[in-house]
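One structure below.
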Amino acid sequence: MKTQVAIVGAGPAGLLLGHLLKAEGIDCVVVERQQPDYILGRIRAGVLEQITVGLMSRLGLDARLKAEGLVEEGFNLADGERLIRIDVANLTGKTVVVYGQTEITKDLMDAAPSRGLQIIYGADDVALHDIESDTPSVSFTHDGTAHRLDARFIVGCDGFHGPSRKAIPQSAVREYERVYPFGWLGILADVPPCNHELIYANHERGFALASMRSHTRSRYYVDVPLTEKIEDWSDDRIWDELAVRLGPEAAANITRGPSIEKSIAPLRSYVFEPMRHGSLLLCGDSAHIVPPTGAKGLNLAASDVHYAAEALTAYFKHASNDAVEGYSTKALARVWKSERFSWSLTKLMHRFPDDGPFERAMQVAELDYIATSTAAQTSIAENYVGLPV
Ligand code: APR
Ligand code: PHB
């Protein structure tokens, strides 16, 4: 098999890139280990920056997003005493859209056949070869038959556990990681949201987040110690904890109901450099992970994909290699800014086990500063809607 660009992974990054390349007339094949149902079964965050909305619109794949997405003009920080509203629309002139990120994947998946995007699902033993040459390849087995996909470029969109970044020689690699001492317990329920905008809360009992998927489906989180087991958290226990941590005003508007899904996920900040080595480019979670505070994961993948599509289009359609050679530097510049924002909002809104009175005093002072400073609120707002690409 031969193509111009071999894409490993059919998550949001791989599918978005595949569609963008096809739209430019660049031949590509997506090689995916799982089956579609498995991918669509993964519960993801639900806030889209303009970059993600813009790419879906550019592809003409935003019909459902426009019909079902909730445009949000602000969000809230709760400090146990008050609700600090960050008026994103007035401070930045932009908004975010609440729309399940899994829905983005579904929209991209559903459009693949009509757009001629070839996705090979159920590919086992995927391995990358000759990435330092101009003739790299991806080998895999499918239905028991061995295959080799020759390409000019490989783009690793295979998430945190995929093989792509591991194909880069360790001598060329720099890794940065912070593992957080808590996880997020998330609950999904078909009940109306307690507030029309998101609420991130820092309460003495811990962090909570009130989010939503629609006017009738809510998504909530509380942070829990990493030792916690989801089977020890009944729905009632989760609802009780949310009511305390979100504060009395929000609690009065919480509608309880049976969980559709509930799970505990760990939090990590991680960056892998470089995001290009030879003929291999990395996009999305294959190169970086952010804690979900601020919902940057998918949106960072979208900006990586935007840069990668630009670079590969310049190479194949304008015989220019400059953007390919500059891809890693350009993508990492935005990655690090999003990593900083996600880390700083996590640090501000969570009680860390090792924090003492001074660290708590710093949180109180920062929240008080944000509550009283337009400059501070503007800084948060411009990061929340997404820095320019
Ligand atoms: N071979 C082929 N495919 C693989 C392999 C492999 N060895 N390993 C992983 N994959 C596939 C996974 O099955 C998955 O479908 O790569 C895909 C990676 O998708 P994601 O993990 O969703 O990563 P990405 O596309 O970068 O998504 C970025 O989207 O919703 C957010 O929080 C999410 O931060 C994440 C972001
Ligand atoms: C979600 O709706 O799942 C969500 C929203 C905002 C976040 C994280 C998750 O920061």
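In region 268-299, the residue that is nearest to ligand 1 (Cβ to nearest atom) out of those that are touching a His at 6+ places or on another chain (Cβ under 9 Å) and aliphatic (A, V, I, L, M) is L282. Contact map, region 98-109: residues that are outside the structural domain of N195 (by TED's automatic domain parsing) and without any contact (Cβ under 8 Å) to a residue 24 or more places away in the chain paired with residues that are of a type in the set (S, T, Y) and within 9 Å of ligand 1 (Cβ to nearest atom), Cβ distance under 6 Å, separation 6+ or inter-chain. No pairs are found. Determine if region 175-194 includes at least one residue that is outside the structural domain of A45 (by TED's automatic domain parsing), without any contact (Cβ under 8 Å) to a residue 60 or more places away in the chain and away from ligand 1 (no atom under 16 Å from the Cβ). Checked against the condition, which is being outside the structural domain of A45 (by TED's automatic domain parsing), without any contact (Cβ under 8 Å) to a residue 60 or more places away in the chain and away from ligand 1 (no atom under 16 Å from the Cβ), region 175-194 yields at least one hit.
For Y38, the criteria (1) surrounded by 21 or more Cβ atoms within 10 Å (Cβ to Cβ); (2) modelled with pLDDT under 95; (3) closer than 28 Å to A127 by Cα hold in every case but one, which is (1).
Taking the criterion of being in a strand (DSSP E or B) and more than 26 Å from the chain's Cα centre (by Cα), the residues of region 145-162 that qualify are T145, A146, H147, R148, L149, D150. Among residues that are over 12 Å from the mean Cα position of the chain (by Cα), within 15 Å of E103 (Cβ to Cβ) and surrounded by 21 or more Cβ atoms within 10 Å (Cβ to Cβ), L48 is not included.
Residues satisfying the criterion are present in region 172-183 (criterion: surrounded by fewer than 20 Cβ atoms within 10 Å (Cβ to Cβ) and in a loop (DSSP other than H, G, I, E, B)).
Being open to solvent by 70 Å² or more (accessible area, probe 1.4 Å), of a type in the set (D, E, K, R) and within 15 Å of V385 (Cβ to Cβ) is the filter here; which residues of region 54-98 pass it? Matches in region 54-98: E73, R85, K94. Residues in region 104-144 that are assigned to a helix (DSSP H, G or I) and open to solvent by 40 Å² or more (accessible area, probe 1.4 Å) were compared, and the one that is nearest to C28 (Cα to Cα) is R115.
Residues that are surrounded by fewer than 19 Cβ atoms within 10 Å (Cβ to Cβ): list the strands (runs of 3 or more DSSP E) wholly contained in region 198-309 that include at least 2 such residues. By residue number, 259-273. Exactly one of (1) in contact (Cβ under 8 Å) with a residue 24 or more places away in the chain; (2) of a type outside the set (A, V, I, L, M); (3) away from ligand 1 (no atom under 16 Å from the Cβ) is unmet by R237. Its number? The number of the failed condition is (1).
I'd like to know if region 311-326 contains one or more residues that are more than 9 Å from ligand 1 (Cβ to nearest atom), among the small types (G, A, S) and open to solvent by less than 10 Å² (accessible area, probe 1.4 Å). Among the residues of region 311-326, at least one is more than 9 Å from ligand 1 (Cβ to nearest atom), among the small types (G, A, S) and open to solvent by less than 10 Å² (accessible area, probe 1.4 Å), which makes the answer yes.
Count of region 3-60 residues, restricted to those that are part of a loop (DSSP other than H, G, I, E, B), of a type outside the set (A, V, I, L, M, F, W, C) and near ligand 1 (Cβ under 10 Å from one of its atoms), is 9. Out of A381, A376, one residue alone is more than 21 Å from V8 (Cα to Cα), open to solvent by less than 20 Å² (accessible area, probe 1.4 Å), under 23 Å from the mean Cα position of the chain (by Cα) and among the hydrophobic types (A, V, I, L, M, F, W, C). It is A381. Only one of the listed residues (T372, T346, T313) is hydroxyl-bearing (S, T, Y) and closer than 20 Å to F207 by Cβ. That residue is T346.
The values are calculated or read from the model by the stated rules, or taken from the named source; none is laboratory data. Keep in mind that this is a model prediction, so the values were computed, not measured. For neighbour counting, all protein chains shown are included, and Cβ atoms are generated from backbone atoms with ideal geometry for every residue, glycine included. Side chains included, ligands, DNA and RNA excluded: accessible areas come from the protein's heavy atoms. Shrake-Rupley method; radii C 1.70, N 1.55, O 1.52, S 1.80 Å.
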